[in-house]
Amino acid sequence: MPDNAFSPDKKVRVLAIANQKGGVGKTTTAINLGTALAAIGQRVLLIDLDPQGNASTGLGVPKKQRENSLYDVIVDRRPIGDTAVSTAVPGLWLLPSDPDLSGVEIELGQAERRSYRLRDALEGLDQDKPPYDYILIDCPPSLNLLTVNSMSAADAVLVPLQCEFFALEGLSQLMRTIDLVRGSLNPKLSLQGIVLTMFDKRNALSGHVERDVRSHFGELVYDTVIPRNVRVSEAPSFGKPALIYDMKCSGSQAYIKLAKELVTRERKRRKAADKSPAKVPA
């Protein structure tokens, strides 16, 4: 893998892509942001945490080809290195989903570290020479043990937000969840940013939602906006990311722009962290 000027730091950055409201472009963002990051030279692992497995199918890995899956990692503690599979996109790997994940909450019951199974698996990766620059977790659209595992393992949460009427209501629910996880399971968890999706410039409501979200969250909202785009919607049915299906469409170009903006933000975050004075123990 060639060196790349975009690389923000050596430590792998784990981002949970989450929204407790369904149909907001979460999986589409996970697939295409992962592909775009790989296209600009980053090594990316996409973890499909949704039992529906749409991210796995959208990357061209159908159920019959998933010999091992995330289920084996969480329930049987199988190493990620033995489970992740390469995709048709150079630099992008997938930890595929399995329908059996829907029963994880019952199977683990009161098992030890049930909320930290994914974090423990990620800590099993080589920390000195991590195999990935970014790990993106496609979360299910609900608050359950799988979502808790993702937020326990993540450094930050990236929120896709559809430009529609109930967008802010769903976002407020997610913010409460982040606060709960930060207070009990993962004190370092932060909100990485908000990505506006399915934006339709012909619809006045899209513009109204964008103004509301930007006024509430300021710089946390990405400058890049993902437009509503037919080619992006078609791509999963062909088992391809939009960037492979139609590189030139407006949706693909938006995701490339988003990837560059994300890495620029991460570089600034890293520089700010390096400049922060070390805390002196009392």
Problem - Where N is the number of residues in the chain, Cα Rg divided by 2.2 N^0.38 Å - result: 0.96
Practice task
Can you tell me the order of 108-114, 165-171 when each peptide is scored by its average per-residue count of other Cβ atoms within 10 angstrom, highest first?
Solution key: 165-171, 108-114
Fill in the blank from the handout: Phi-derived 3J(HN,Hα) across region 259-266 with the Karplus relation (6.51, -1.76, 1.60, θ = phi - 60°), rounded Hz, x for Gly and Pro, is 4, 5, 5, 4, 5, 4, 4, 5
Completion exercise
On each of the three principal axes the extent of the alpha-carbon atoms of region 1-107, given in whole Å and largest first, is 45, 32, 25
Fill in the blank from the handout: Computed ³J(HN,Hα) along region 80-94: with the Karplus parameters 6.51/-1.76/1.60, θ = phi - 60°, integer Hz and x for glycine or proline, the list is 4, x, 8, 10, 5, 10, 6, 10, 6, 9, x, x, 10, 10, 10
Exercise for the section: Using R₀ = 45 Å, calculate the FRET efficiency as 1/(1 + (r/R₀)^6) where r is the Cβ-Cβ separation of Asp120 and Asn203; round to 0.05. Expected result: 0.50
Practice task
Taking every pair of Cα atoms in region 235-279, average 1/r, invert it to obtain the Kirkwood radius, and report Rg/Rh to two decimals.
Solution key: 1.31
Problem - Local electrostatic count, Asp212, Cβ distance below 13 Å [Lys/Arg +1, Asp/Glu -1] - result: -1
Fill in the blank from the handout: Pseudo-spin-label distance Val230 to Arg77, built 7 Å along Cα→Cβ, given in nm, is 5.3 nm
Completion exercise
Net charge near Ile256 (other residues with Cβ under 13 Å of its Cβ; Lys, Arg +1; Asp, Glu -1) is +1
Exercise for the section: Given the peptides 75-86, 251-262, arrange them by the average over their residues of other C-beta atoms within 10 Å, most packed first. Expected result: 251-262, 75-86
Practice task
Which order do the peptides 175-181, 137-143 take when ranked by the mean count of other beta-carbon atoms within 10 Å per residue, highest first?
Solution key: 137-143, 175-181
Handout entry: Charge dipole magnitude, Cβ of K and R +1, D and E -1 - the chain, Cα centre, debye nearest 20
Key = 840 debye
Fill in the blank from the handout: For Leu196, other-chain or 5+-apart residues with amide H closer than 5 Å (H placed, Pro excluded) are Leu161, Tyr222, Ile226
Practice task
Determine the sum of side-chain charges near Thr147: Lys and Arg each +1, Asp and Glu each -1, restricted to other residues whose C-beta is under 15 angstrom from that of Thr147.
Solution key: +2
Exercise for the section: Find the centroid of the Cα atoms in region 48-121 and in region 181-248, then give the distance between the two in whole Å. Expected result: 24 Å
Practice task
Nearest 5 is fine: what % of DSSP beta bridges in the chain come out antiparallel, could you say?
Solution key: 5 percent
Fill in the blank from the handout: Of the listed pairs Lys188/Lys240; Lys21/Lys64; Lys21/Lys260, those with alpha carbons more than 31 Å apart are Lys188/Lys240
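Here, each number is a calculation from the coordinates, and none is a lab measurement. Predicted, not measured: the structure shown is a model, and the values here were computed from it. Heads up, the Cβs are rebuilt from the backbone with ideal geometry, glycines too, and the neighbour counts pull from every protein chain shown.
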